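S.K.: Mind having a look at this structure? Questions to follow.
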Amino acid sequence: MKIAGSTAFVTGANRGLGRRFAEQLVARGATVYGGVRNVASLDVPGVIPVAIDVTDAASVAAAAERTSGVSLLINNAGSYTGASVSDGSLEDIRLEMETHYFGTLAVSRAFAPQLAGNGGGTILNVLSVLSWVTYPGYSGYAAAKSAQWSLTNALRLELAAQGTTVAALHVGYLDTDMVAFVDAPKNDPAVVAALSLDALEEGSVEILADEDARQVQANLAGGVTRLYTAAG
């Protein structure tokens with residue numbers, strides 16, 4: 001796809017990776033809608049704030065109605081509760097699923113007609129290395145990201161008929177507020193946003209943003225023992 005002259009909608013555009021996507025899309029000549037729960041929190045120059053809570057169907061529908069001409073949808077909004085699937089709060093686990101799976105599904109369905117009306121367009125779902133592997137302390141989040149990965153593949157197949165390309169971004173730790181507590185090497189969100197947009201312009205549908213993503217993907221075919229030995 002060509003970003004210059006396109007119209008993009010980015011969820012979670014007020015901070016972290018979403019903010020970097022919004023900034024760089026503006027710099028590359030796109031019209032950008034920034035989807036946020038609180039429009040006062042979005043201060044990216046050139047970005048049009050749009051209220052949206054991806055866990056609320058009415059909010060998602062209203063956001064789609066307030067926008068037009070969208071040809072690039074970036075499903076970036078995320079949550080992290082730290083809940084464990086074995087003994088964590090079911091409310092927290094449901095929030096992870098509502099945000100990453102049902103939220104991505106709702107937003108994608110709401111904006112699919114706009115994408116179709118603009119030649120099909122492109123959807124980018126921000127996934128994670130944890131779409132493919134899990135660790136103690138991340139299991140609720142990882143389960144939701146795994147579901148989002150499956151959803152991404154399903155959307156890719158089902159929206160092909162309207163000409164929509166669906167891409168997935170897999171990445172390890174990002175230097176954002178969400179994982180500020182983690183003491184480990186982290187990716188610069190601006191770098192990840194830039195390489196992702198470059199990849200979309202090249203037509204990529206699976207974007208591996210760092211060595212963690214490449215290593216985990218390479219070990220998927222080796223089965224559970226290989227995957228968790230390599231990841232551990």
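Where a number appears in this text, it was derived from the coordinates with a stated rule and is not lab data. Everything numeric in this text was worked out from a predicted model, so none of it was measured. Note: ideal-geometry Cβ built from the backbone for every residue, glycine included; neighbour counts use all protein chains shown.
S.K.: Which of 192, 1, 75 sits farthest toward the positive end of the charge dipole of the chain, with +1 on the Cβ of Lys and Arg and -1 on the Cβ of Asp and Glu?
M.R.: Farthest towards the positive end: 1.
S.K.: Ok, one more. Where Lys and Arg each count +1 and Asp and Glu each count -1, what net charge lies around residue 5 among other residues with Cβ under 13 Å from its Cβ?
M.R.: Net local charge, residue 5 excluded: +1.
S.K.: To continue, here is another question. What is the sum of charges, Lys and Arg at +1 and Asp and Glu at -1, for the other residues whose Cβ falls under 14 Å from the Cβ of residue 155?
M.R.: Details: positive: 109, 156; negative: 158, 206.
Summing Lys/Arg as +1 and Asp/Glu as -1 gives 0.
S.K.: Additional query: Ranked by Cβ crowding within 10 angstrom, fewest neighbours first, how are 156, 109 ordered?
M.R.: On the way: 156 18, 109 15.
If I rank by nearby Cβ atoms, fewest first, I get 109, 156.
S.K.: Another one. Using a Förster distance of 35 angstrom, determine the FRET efficiency expected from the C-beta separation of residue 228 and residue 160, and round it to 0.05.
M.R.: Details: r = 34 Å, r/R0 = 0.96.
E between residue 228 and residue 160, to the nearest 0.05, is 0.55.
S.K.: Using 1/(1 + (r/R0)^6) with R0 = 41 angstrom and r between the beta carbons of residue 202 and residue 94, what's the FRET efficiency to the nearest 0.05? Before the final figure, lay out the partial values.
M.R.: On the way: r = 37 Å, r/R0 = 0.90.
Efficiency for this residue pair is about 0.65.
S.K.: Right, next: In the set [x] 18.6; [y] 17.7; [z] 19.2, which value of Kirkwood radius over Cα pairs in Å was calculated from the structure you see?
M.R.: Of the listed options [x] 18.6; [y] 17.7; [z] 19.2, [y] comes from this structure.
S.K.: In debye, nearest 20: dipole of the chain around its Cα centre with unit charges on the Cβ of K, R (+) and D, E (-)?
M.R.: On the way: 14 positive and 22 negative charges, 89 e Å.
Charge dipole, the chain, about its Cα centre: 420 debye, nearest 20.
S.K.: I've got another one for you. Could you give the length gained on full extension between residue 109 and residue 194, defined as 0.36 nm per residue of separation minus the Cα-Cα distance, in nm?
M.R.: Contour length minus the Cα-Cα distance gives 28.0 nm.
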